[in-house]
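The values are calculated or read from the model by the stated rules, or taken from the named source; none is laboratory data. Keep in mind that what you see is a predicted model, and the values were worked out from it rather than measured. Glycine also receives a Cβ, built like all others from the backbone with ideal geometry; neighbour counts cover every protein chain displayed.
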Amino acid sequence: MTAGFTLLELLVAMAVFAIVSVAVYAALSQMLLSRSVLQTRYADLADLQRVLVYLERDIAQAVARPVKGPHGDRVPALQLVKGTVLSLTRTGAVTYPGVASRLLRIRYRVADNALQRMVSAVLDQAQDTRFDERRLVDQVAEFELAVFDEDTWYTDWPRTDQDAAEPVLTHLPQALRIRIQTRAGRVVQHRLPLLSPPADAS
């Protein structure tokens, strides 16, 4: 006598297989989603850490050297506008071909929801002066900067109640505070000291 499966047994086996398949697919899908979220968070964290590395180097090598703006106006050695645009002069630059200065003009700003670091080896700028731009972080939700001097935090530097005299143009604050948040929810807050080195006119 030949043994076999009845139709009912086949239906039960197919139902069990379907249930197990759905459970395995759901678990695999959740695992892949979790992996994607973690990769995004790790990428965000790496980007934010890179921002801090750049800022630490730039702040550590900041010098009290004012520059000329594209319209001939005097621009402070360090300038902060509404807590969102930071410009400073720093030393320790790699020499550019045809450029004798060891100094660079650095600018941080958010454009198109991305934090940019802009670099120029030309300190006294003309209207056609170009900056090399590098996107450090994409999908920036918030970007806030403040500088500390004489027991007060300022989002504009030099202070708006000061005249643009030479001591004001060359005076560096004591510290910088940064807060940045990505659209993925990652937040980094950090404080960096400024050493207030002497002016460097090279």
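Scanning the stretch 49-66 for residues that are within 9 Å of residue 90 (Cβ to Cβ) and among the hydrophobic types (A, V, I, L, M, F, W, C) yields 59, 60, 62, 63. Of all the listed residues (136, 145), the sole one being part of a strand (DSSP E or B) and touching a helix residue (DSSP H, G or I) at 6+ places or on another chain (Cβ under 7 Å) is 136.
Looking only at the stretch 102-113, which residues are loosely packed, with under 15 Cβ neighbours inside 10 Å and part of a strand (DSSP E or B)? Across the stretch 102-113, the qualifying residue is only 111. The set of residues in the stretch 122-148 that are under 21 Å from the mean Cα position of the chain (by Cα), aliphatic (A, V, I, L, M) and surrounded by 15 or more Cβ atoms within 10 Å (Cβ to Cβ) comprises 136, 137, 140, 145, 146, 147.
In the stretch 159-166 there is no residue matching the filter, namely being surrounded by 14 or more Cβ atoms within 10 Å (Cβ to Cβ), modelled with pLDDT of 90 or more and either among the β-branched types (Val, Ile, Thr) or more than 15 Å from residue 179 (Cβ to Cβ) (or both). Taking the criterion of being surrounded by 10 or more Cβ atoms within 10 Å (Cβ to Cβ) and either under 23 Å from residue 184 (Cβ atoms) or at pLDDT below 75 (or both), the residues of the stretch 4-31 that qualify are 5, 29, 30, 31. Somewhere in the stretch 47-57, is a residue at pLDDT 90 or above, part of a helix (DSSP H, G or I) and over 21 Å from residue 182 (Cβ atoms)? Yes - at least one qualifying residue is present in the stretch 47-57. Of the set (1) at pLDDT 90 or above; (2) touching a Lys or Arg at 6+ places or on another chain (Cβ under 6 Å), all apply to residue 44 but (1). Sub-8 Å Cβ pairs linking a first residue in the stretch 65-88 that is at positive phi to a second residue that is outside any strand (DSSP E or B), at least 6 apart or interchain, are 82/155; 82/156; 83/155; 83/156, ordered by first then second residue. Screening residue 1 against (1) loosely packed, with under 10 Cβ neighbours inside 10 Å; (2) at pLDDT 75 or above leaves a single unmet condition, (2).
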